[in-house]
Amino acid sequence: MKYNCLKFIILFAFLSICTSCKSSNIDNENLTSAPVPLGDPFIMLYNDIYYAYGTSAENGIEVFTSTDLKSWKRPEGTNQGLALHKDDVWADRWFWAPEVYYVKGKFYMYYSADEHLCVATSDSPLGPFKQSVQKPMIEDEKCIDNSLFIDDNGKPYLFFVRFNDGNNIWVAELTDDLLNIKTETMHKCINVSQPWEEVWPRVNEGPFTIKHNGKYYLTYSANSYESPFYGIGCATASDLMGEWKKYDWNPLLQKPGDLVGTGHGAIFKDKYGVMRLVFHAHWDKTTIHPRAMYITTVRFEDKNGEDVLSIDKNYITPTLTVKN
């Protein structure tokens with residue numbers, strides 16, 4: 001038992017270091033294009049431009065732009081290519097898993113830094129994202145992977161990962177300004193509970209939630225992101241603060257095509273209203289970092305009279321223009 005605990009501690013420390021590794025060294029290669037080097041990717045469509053954010057840089061959060069989801073570039077006018085720089089926010093390391101939302105005239109970036117939940121705001125999707133009060137959303141507890149969900153009645157919630165009994169997913173109400181967690185409302189959603197999730201260690205993370213025909217659908221990732229068997233599952237609920245039930249046929253996406261380590265997905269709609277899923281995978285079958293961004297489609301299918309979320313195993317490989 002002690003040996004297993006020690007293994008978990010060692011792996012978790014290694015993951016923390018590796019996840020923060022800078023992945024922009026592909027600029028030095030003699031290439032005209034390469035996969036987009038983002039882990040934990042998120043895409044926002046705003047004014048007909050797609051903005052991609054993710055885990056990659058040491059000093060903050062990078063941003064890339066595209067008009068077609070296929071070809072991406074580093075936009076001009078950002079601070080070292082960063083939408084968020086560590087000088088403008090709390091913490092100075094481990095900037096992970098950002099998500100950006102446009103709400104009532106302002107852009108909100110939810111992300112984790114130094115293994116704490118954070119939120120920063122900006123007047124532009126390119127940033128600079130800043131914190132007027134530089135502190136995490138929960139000061140006395142480490143958490144990661146925060147994801148905003150606003151219900152039909154306008155009430156905001158935050159899904160996130162807590163480190164109790166491995167990584168598991170919780171939800172809580174937010175204050176109306178979207179900046180603070182109502183900690184008294186924290187509710188556990190899911191933890192490791194299915195055989196496919198038990199490759200090692202105990203991980204349910206990367207939550208993302210949508211609502212369809214009155215039901216909530218929570219996608220999540222399981223197993224270590226280092227593992228080739230990292231994959232995406234889905235759980236549903238009729239009440240955000242109620243019981244969540246995982247699909248019996250999970251995982252919905254694991255090792256599609258030639259990819260391994262596929263996970264931490266986020267759903268968005270493209271310019272044509274098609275539901276898409278952006279996710280990351282290992283750089284190749286033998287190299288984890290830098291992780292690369294991929295995009296596929298999701299849909300709802302009828303299964304015995306129930307709308308079931310389905311993820312297409314076919315995917316596109318977005319490319320980043322690289323200067324020689």
Odd one out for residue 170 among (1) under 28 Å from residue 131 (Cα atoms); (2) more than 16 Å from the chain's Cα centre (by Cα)
(2)
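Within the stretch 196-220, track down each residue that is farther than 24 Å from residue 108 by Cα and surrounded by 13 or more Cβ atoms within 10 Å (Cβ to Cβ).
196, 197, 198, 199, 200, 201, 202, 203, 204, 215
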Test: residue in the stretch 88-106 that is buried (at least 20 other Cβ atoms within 10 Å of the Cβ), in contact with a Cys (Cβ under 7 Å, 6 or more places away or on another chain) and part of a loop (DSSP other than H, G, I, E, B):
yes
Residues of the stretch 216-244 being in contact with a helix residue (DSSP H, G or I) (Cβ under 8 Å, 6 or more places away or on another chain) and touching a residue at least 60 places away in the same chain (Cβ under 8 Å), which ones?
224, 225, 226, 241
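Give the residue that is surrounded by the most Cβ atoms within 10 Å (Cβ to Cβ), with candidates limited to residues of the stretch 167-190 that are among the acidic types (Asp, Glu) and not in a loop (DSSP other than H, G, I, E, B).
So the residue we want is 173.
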Within the stretch 269-291, the residues that are assigned to a strand (DSSP E or B), out of contact with any His (no Cβ under 7 Å at 6 or more places or on another chain), buried (at least 20 other Cβ atoms within 10 Å of the Cβ) and touching a residue at least 24 places away in the same chain (Cβ under 8 Å) are 276, 277, 278
When you go through 165, 140 one by one, which is the residue that is at pLDDT below 95 and among the acidic types (Asp, Glu)?
165
Just need a number here: residues in the stretch 193-238 that are β-branched (Val, Ile, Thr) and over 18 Å from the mean Cα position of the chain (by Cα).
2
Any residue at all in the stretch 297-315 that's touching a strand residue (DSSP E or B) at 6+ places or on another chain (Cβ under 7 Å), small (Gly, Ala, Ser) and within 18 Å of residue 54 (Cα to Cα)?
no
Among the residues of the stretch 292-317, the number that are surrounded by 20 or more Cβ atoms within 10 Å (Cβ to Cβ) and not in a strand (DSSP E or B) is 1
Among 65, 55, 78, the single one that is modelled with pLDDT under 95 and either in contact with a Phe, Trp or Tyr (Cβ under 7 Å, 6 or more places away or on another chain) or closer than 19 Å to residue 131 by Cβ (or both) is 78
Starting from the stretch 127-149, take each residue that is loosely packed, with under 12 Cβ neighbours inside 10 Å and list its partners that are at pLDDT 95 or above and not aliphatic (A, V, I, L, M), counting only C-beta distances under 9 angstrom and pairs at least six apart or across chains.
132/121; 133/90; 139/116
Test each condition in (1) over 30 Å from residue 155 (Cβ atoms); (2) out of contact with any Ser or Thr (no Cβ under 9 Å at 6 or more places or on another chain); (3) surrounded by fewer than 20 Cβ atoms within 10 Å (Cβ to Cβ) for residue 193 and report the one that comes out false.
(1)
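The values are calculated or read from the model by the stated rules, or taken from the named source; none is laboratory data. Just so you know, these numbers come straight off a predicted model, no measurement behind them. In this analysis, Cβ positions are derived from the backbone assuming ideal geometry, glycine residues included, and neighbour counts consider all displayed protein chains.
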